[in-house]
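Take a look at the structure below.
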Amino acid sequence: MRKLKIGITCYPTVGGSGVVATELGKMLAEKGHEIHFISSSIPFRLNRIYHNIFYHQVEVNQYSVFQYPPYDIALASKMAEVANREKLDILHVHYAIPHAVCAILAKQMSNVDVKIVTTLHGTDITVLGYDPSLTEAIKFGIEKSDVVTAVSRSLIEQTHELIQPDKQIETVYNFIDERIYQKRDANHLKKEFGIKDNEKVVIHVSNFRPVKRVQDVVKTFAKISAAMPAKLLLVGDGPEMTPVCRLVKKLGLTDKVHLLGKQENLDELYSISDLKLLLSEKESFGLVALEAMACGVPCIGTNVGGMPEVIEQGETGYICQLGDIEDISTKAIKILNDPHIHQQFAANGIAVVNTKFRAEQIVAQYEQLYFKLLN
Ligand code: GMT
């Protein structure tokens, strides 16, 4: 099979889109393709040396004549430079704006016929799509890309509703590295956190943006902990941290909630967890639910975006109405109280990760798109 030269651009800091882009690059490299990450810093999951993965840093200089640093232009310029020098076949960008628009500009600047693949992750559509000052740029980025994918069917529907691009968009689901996300023996962590054997562990992982509704997680946990001995692990950090801490204190939960901040090695935290809550008001996919499922943790999510495509109702967890704390906590208590349901959901979750969201299959889906474009 022909080996390709692929440029990948993503937001390299913590976030699902950066994680998926980086894992994709790593797995494509393992299949022999040459990968060139073009971004403002090294993607945080690019944590070891690969002979065929290269990193090209986008330098944005802050000249006093510019009111705003010209990141987009610097990125486009770097993309064109790398495409020319390395003779890239594909530029795979994650996010319509600015990345797809930068790739289109880079293609015009370069002298190679590089093909542009754009993956929509959600925030570029579900948040920015509502901003009239950006709609035309998002539409342009989508329409001028050679291939556009989205991480769920729901995101495709939303994109058509909000932006109405004249473009076919294909669903390519997210995936995780199953070699990393699996249930491990991490019981030492329970001891270290002072979690007793009879206590159930509920986990939430996010960037604590308001859309993640972390306060709903705390309110749900208050009802769970009134019904049984339990602890809540809150993993991540962001703008909602202060109001969340206030609520934890107000509800008298300080001793039962562990605020862990940003963490690596989430597989170990999932391995000591009994239930995952993801109660967001926007979520095009919900990568963290997939990570939890891979480690045998049943999930409760809200009926928004792509979450019902990830969490199967009554099979791997439950999907509840946004903000319906009563129903969410009833379902949570049901899962935590019934070992049979818990075991069944855990096993089903692992099976779904290994079939519908199997990394090998999803990486192959992207590869097929690339080859189809180049032929
Ligand atoms: O959820 C976030 O705030 C981060 C955001 C991102 O850009 O990384 O996540 C989006 O992309 C992830 C990977 O495809 C999805 O799993 C998340 O559901 C999606 N977030 C939203 O749609 C809010």
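Take the conditions (1) in contact with a Cys (Cβ under 8 Å, 6 or more places away or on another chain); (2) of a type outside the set (Gly, Ala, Ser); (3) assigned by TED's automatic domain parsing to the domain that holds ASP255; GLN182 misses just one of them, which is (3).
Per the conditions (1) in contact with a Leu (Cβ under 6 Å, 6 or more places away or on another chain); (2) among the hydrophobic types (A, V, I, L, M, F, W, C); (3) closer than 30 Å to VAL211 by Cα; (4) buried (at least 24 other Cβ atoms within 10 Å of the Cβ), the sole criterion not satisfied by LEU134 is (4).
Residues in the range 18-45 that are polar (S, T, N, Q) and crowded, with 24+ Cβ neighbours inside 10 Å: THR22, SER39.
Conditions tested, residue by residue: (1) polar (S, T, N, Q); (2) over 21 Å from MET27 (Cα atoms); (3) out of contact with any Ser or Thr (no Cβ under 6 Å at 6 or more places or on another chain); (4) surrounded by fewer than 23 Cβ atoms within 10 Å (Cβ to Cβ).
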{"residue": "ILE138", "(1), (2), (3), (4)": "no, yes, yes, no"}
{"residue": "LYS144", "(1), (2), (3), (4)": "no, yes, yes, yes"}
{"residue": "THR149", "(1), (2), (3), (4)": "yes, no, no, yes"}
{"residue": "LEU155", "(1), (2), (3), (4)": "no, yes, no, no"}
{"residue": "THR159", "(1), (2), (3), (4)": "yes, yes, yes, no"}
{"residue": "ASP166", "(1), (2), (3), (4)": "no, yes, yes, yes"}
{"residue": "GLU170", "(1), (2), (3), (4)": "no, no, no, yes"}
{"residue": "PHE175", "(1), (2), (3), (4)": "no, no, yes, no"}
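Restricting to the range 38-78, name every residue that is among the small types (Gly, Ala, Ser) and part of a helix (DSSP H, G or I). Don't jump to the end; show me each part of the working.
Of the range 38-78, the ones among the small types (Gly, Ala, Ser) are 39-41, 64, 74, 76-77.
If the condition is that a residue be among the small types (Gly, Ala, Ser) and part of a helix (DSSP H, G or I), then ALA74, ALA76, SER77 are the ones that fit.
Taking the conditions (1) among the hydrophobic types (A, V, I, L, M, F, W, C); (2) within 20 Å of ASP146 (Cα to Cα); (3) under 23 Å from the mean Cα position of the chain (by Cα) in turn, LEU88 satisfies each one other than (3).
In the set GLU23, GLU81, GLU59, which member is charged (D, E, K, R) and within 16 Å of the ligand (Cβ to nearest atom)? Lay out the reasoning, then the answer.
Values: GLU81 fails: within 16 Å of the ligand (Cβ to nearest atom); GLU59 fails: within 16 Å of the ligand (Cβ to nearest atom).
Residue meeting the stated conditions: GLU23.
The values are calculated or read from the model by the stated rules, or taken from the named source; none is laboratory data. Everything numeric in this text was worked out from a predicted model, so none of it was measured. Note: ideal-geometry Cβ built from the backbone for every residue, glycine included; neighbour counts use all protein chains shown.
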